[in-house]
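Reviewing the structure listed below.
The values are calculated or read from the model by the stated rules, or taken from the named source; none is laboratory data. All figures in this text were calculated on a predicted structure; none of them were measured in a lab. All Cβ positions, even for glycine, are placed from backbone atoms using ideal geometry, and neighbour counts span all protein chains on display. Protein only, heavy atoms only, side chains kept; ligands, DNA and RNA dropped before computing areas. Shrake-Rupley method; radii C 1.70, N 1.55, O 1.52, S 1.80 Å.
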Amino acid sequence: MIKNERQYRIAKAQASRFRQTLENLQRRTAEPPDLHRRIARAQEDAVQSQLADLEQELREYESLKAGGFELEELHAIAGVATALIKARIARGLSHKELAERLGLKEQQIQRYEATDYVSASLGRIRDVANAIAEDRGVDRRRSA
């Protein structure tokens, strides 16, 4: 993802170089073969793939700059803490079990949940989500 104008300019320059490289490769394949056709085709495909990825990123950034972002997507962030708590419960994990997966003390998980994860870093929230989603080969849900 392109995150700023500097990265955008660099990506545009790279895309231009990829286009030129692709044209050169296509011209080369029209001449007498100096490379095996499969190798030449693989080179073309690789450059074309990288160019397509860059062009997609450029289009996305240009769209964002033009205001193409639904602010409603931000509301999903507000529900992350509740989703983590619900997922932990649904997976049948206690505070202690989740803490063990994360290498933390049980009290830390309790504090996170009591404060809706306000003191947790984004990295920690990602770690918690991964620990909850982790498949240990055992269905931990308890029957009622």
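Of the residues contained in the stretch 46-58, one or more are found to be among the β-branched types (Val, Ile, Thr) and within 30 Å of residue 20 (Cβ to Cβ). Taken over the stretch 69-117, the criterion of being touching a helix residue (DSSP H, G or I) at 6+ places or on another chain (Cβ under 7 Å), over 30 Å from residue 59 (Cα atoms) and of a type in the set (A, V, I, L, M, F, W, C) is satisfied by 84, 85, 87, 93, 98, 99, 102, 109. The C-beta contact set for the stretch 1-14 (first residue among the aromatic types (Phe, Trp, Tyr), second residue open to solvent by 100 Å² or more (accessible area, probe 1.4 Å), distance under 9 angstrom, 6+ apart or interchain) comprises 8/65.
Among helices (runs of 4 or more DSSP H) entirely within the stretch 17-93, having at least 1 residues that are among the small types (Gly, Ala, Ser) and at pLDDT 95 or above singles out 37-65, 80-90.
Screening residue 140 against (1) surrounded by 11 or more Cβ atoms within 10 Å (Cβ to Cβ); (2) at pLDDT 95 or above leaves a single unmet condition, (2). Within the stretch 72-92, residues that are under 13 Å from residue 115 (Cα atoms) sit with their Cβ atoms under 8 Å from residues that are assigned to a helix (DSSP H, G or I) and among the aliphatic types (A, V, I, L, M), at 6+ positions apart or across chains, in these pairs: 80/125; 84/125; 84/128; 84/129; 84/132.
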